[in-house]
Amino acid sequence: MTKNNNPGSFVSHLSELRSRLVKSFVFLILLFIISYIFSTEIYSFLVQPYTDAVLDKSLDRRLIFTALHEAFVTYLKVAFFTAFFITSPFFLIQLWKFVAPGLYRNEKQALLPYLLATPILFISGGFIVYYLIMPLAIKFFLGFETIAEPGVIAIQLEAKVNEYLSLIMRLIFAFGISFQLPVILSLLARIGIIDSEYLRQRRKYFVVIIFAMAAILTPPDPITQIGLALPLLLLYELSILTVKFIEKKKDA
């Protein structure tokens, strides 16, 4: 394989990159339009953990909006969130098609697993939020309600559609991005910045950093913070094993 560094080749690479970025952007816009058409159904899916928690307690609850434009903006956010979520793998595919021709065979074999692992880990983080963290967190927050008694005013949750959507979107992105930890550490190990011994010796520092990240990225409640920190600790230990495997392959 020969590397072509002449100006004409550089311009053609830029043109190809622009073409692939345009394709990704057009795909994003089309998915945004389709997602907006089905934004009500998508929002119903996202609000299902709240619905299930309310029905489990046999509560009479609703979601409200307090501004004229709030519901409309919420559905726009739902559409963009869905479009971005679905477009991300397509964008990675376009990036791979742009980079792959300039790589040697062994470089392709080394990079391809990371491109496959990135969306899988992101989706895994989203699944944990939807099916585990949100139901537990909602039940935790509903536990602070009080019923009306003589001389006592009831404390009742009146959740806003925009605030609920912002919460679940933030958690999905926080978990999805945080779950890229094995990919990041493995790449750093492959280029020689860190090794498995480095990760083992600094495990206690990473534990502190992980819990600090969980506190920053999640709401101030123990359910979501621990729910993010524990999987990250497991992923950190998995990263040590992955880095060790990379080192053995290098030695071989």
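The values are calculated or read from the model by the stated rules, or taken from the named source; none is laboratory data. Note that the structure is a prediction, hence the values are computed from the model and not measured. Please note: Cβ atoms are built from the backbone with ideal geometry, for glycine as well, and neighbour counts cover all protein chains shown.
So, in the range 92-130, exactly how many residues are touching a residue at least 40 places away in the same chain (Cβ under 8 Å) and closer than 27 Å to Tyr236 by Cβ?
The qualifying residues number 14.
What do you reckon, is Val22 at pLDDT below 80, closer than 29 Å to Gly102 by Cβ, of a type in the set (A, V, I, L, M, F, W, C) and surrounded by 10 or more Cβ atoms within 10 Å (Cβ to Cβ)?
Details: at pLDDT below 80: no; closer than 29 Å to Gly102 by Cβ: yes; of a type in the set (A, V, I, L, M, F, W, C): yes; surrounded by 10 or more Cβ atoms within 10 Å (Cβ to Cβ): yes.
No; evaluated as a whole, the condition is false for this residue.
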Counted residues in the range 198-252 being farther than 15 Å from Leu181 by Cβ, over 17 Å from the mean Cα position of the chain (by Cα) and part of a loop (DSSP other than H, G, I, E, B) come to 3
Scanning the range 171-215 for residues that are over 30 Å from Phe141 (Cα atoms), among the aromatic types (Phe, Trp, Tyr) and at pLDDT below 90 gives Tyr198
Picked from the range 55-74 (must be surrounded by 15 or more Cβ atoms within 10 Å (Cβ to Cβ) and in contact with a Leu (Cβ under 9 Å, 6 or more places away or on another chain)), the residue nearest to Leu171 (Cα to Cα) is Thr74
Of the candidates Ile168, Ile128, Ile138, the one satisfying the condition of being assigned to a helix (DSSP H, G or I), under 23 Å from Tyr50 (Cα atoms), at pLDDT 90 or above and assigned by TED's automatic domain parsing to the domain that holds Glu41 is Ile128
Among residues of the range 185-197 being surrounded by 14 or more Cβ atoms within 10 Å (Cβ to Cβ), in a helix (DSSP H, G or I) and of a type outside the set (Ser, Thr, Tyr), the residue nearest to the chain's Cα centre (by Cα) is Leu185
Ile155 fails exactly one of (1) among the β-branched types (Val, Ile, Thr); (2) assigned by TED's automatic domain parsing to the domain that holds Leu68; (3) surrounded by 17 or more Cβ atoms within 10 Å (Cβ to Cβ), namely (3)
Going by the structure shown, is Arg202 among the charged types (D, E, K, R) and more than 30 Å from Ala71 (Cα to Cα)?
yes
Going through the range 132-145 in order, the residues found to be free of Cβ contacts under 8 Å to residues at least 24 places away in the same chain and under 21 Å from Ile172 (Cα atoms) are none
